[in-house]
Amino acid sequence: MRYPFGTARNLLLACVIASAMPAVVMAQQPSRVGGFDTRGLDPSIISAFSDVKAVTHPAHDAIMGFSLATNITEVVIKGGQEVTKGQILVRGDDGEDLALLKLQKVRTATDLPVQRAKKQAELAEKEHEIQREVSKNGGSSPQQLDRARLAAEVAVIDFENAKVQQTQEVIQQERMQARVDRYQLRAPFDGVVDQVLMDVGQVAAENEKVIRVVNIDTLWIDAPASTMDPVTMTLKVADKAWVLIDVAGAARVTEGRVVEVAPTADPASRTRRVRVEIDNPKGPMRLLAGEPCYVRFTPPSEEFNKKVADAVKPRG
């Protein structure tokens, strides 16, 4: 049987579409890992809880770099490692400044110039006393007595100046120590190294990102609360908040507290930034920073809590 050219072309196109349909259907199927639906939370749960969507982020988050260009000589830690405040994380090439610091410490450690100036002042004062005694007996002229007096006064000034110089040497050592410290990146707080961005031998430019340290014992959530909601207008620090978090497609509700309330609103979205803080202790229930979440400022109903508890369960 013969088909017109147009009909044959349409049949060929229909076959191609038909062969592609199973792939499209499969792409729309929810992916499953370990028996759980990984598409995310049920939209009905989200809409029943709140429409204020946000993201969790660390309460302490530091992305650090050197304040001057340097060659990285040592990376002490690695990503995922816990660190304590003040711990050295990365070192730069501080050889030249370290040598200058050692030289300055030698200068600071000795007070010989001060001792010498003190002895000079004592000697000058002694000579002045001798001239006064000699002058009483007529054996010294007024000019000699004045010269001895002025020499003693100058010696006292030199002694005071030597003490000032010694103080300046101490300050100079502190300055050089601060410069050496600029070649060391230290943990600004207790936390975890999120990522090391450079390695030994690389040259870090001034203020280039080298390492990120976070502390997720407490999580912050900046929620864009609607100013059309009367509750938003009365929020204050220490008020309670409830957070619905998407944890691998499973819903979890946790109670938090308001720590910041912006005094301004965004006129385009009619929202006000409200920062909510939640505790995130270590253990199997510890949350990751960066997870999507939803916030409300009135307690959810018992019916809703039950719905959340039953929403996502392992499937065989």
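A few notes on this one:
- Considering residues of segment 267-295 that are assigned to a strand (DSSP E or B) and surrounded by fewer than 16 Cβ atoms within 10 Å (Cβ to Cβ) only, the residue modelled with the lowest pLDDT: Pro292
- In this structure, Asn207 does satisfy being touching a residue at least 60 places away in the same chain (Cβ under 8 Å) and surrounded by fewer than 15 Cβ atoms within 10 Å (Cβ to Cβ).
A quick yes/no check of all residues on (1) buried (at least 18 other Cβ atoms within 10 Å of the Cβ); (2) of a type in the set (Val, Ile, Thr):
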| position | (1), (2) |
| --- | --- |
| Leu150 | no, no |
| Leu197 | no, no |
| Val203 | no, yes |
| Val214 | yes, yes |
| Thr218 | no, yes |
| Val237 | no, yes |
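- Test result for Val231, surrounded by fewer than 17 Cβ atoms within 10 Å (Cβ to Cβ), within 22 Å of Ile46 (Cβ to Cβ) and aliphatic (A, V, I, L, M): yes
- Exactly one residue out of Val243, Val192 is part of a strand (DSSP E or B) and either within 30 Å of Gln104 (Cα to Cα) or not assigned by TED's automatic domain parsing to the domain that holds Glu260 (or both), and it is Val192.
- Residues of segment 42-90 that turn out to be under 21 Å from Arg286 (Cα atoms), aliphatic (A, V, I, L, M) and in contact with a Pro (Cβ under 9 Å, 6 or more places away or on another chain), as a count: 3
- Restricting segment 176-194 to residues that are within 30 Å of Ala289 (Cα to Cα) and among the basic types (Lys, Arg), the residue that is surrounded by the fewest Cβ atoms within 10 Å (Cβ to Cβ): Arg182
The values are calculated or read from the model by the stated rules, or taken from the named source; none is laboratory data. Source: prediction; values computed, not measured. Cβ: placed from backbone, ideal geometry, glycine included. Neighbour counts: every protein chain shown.
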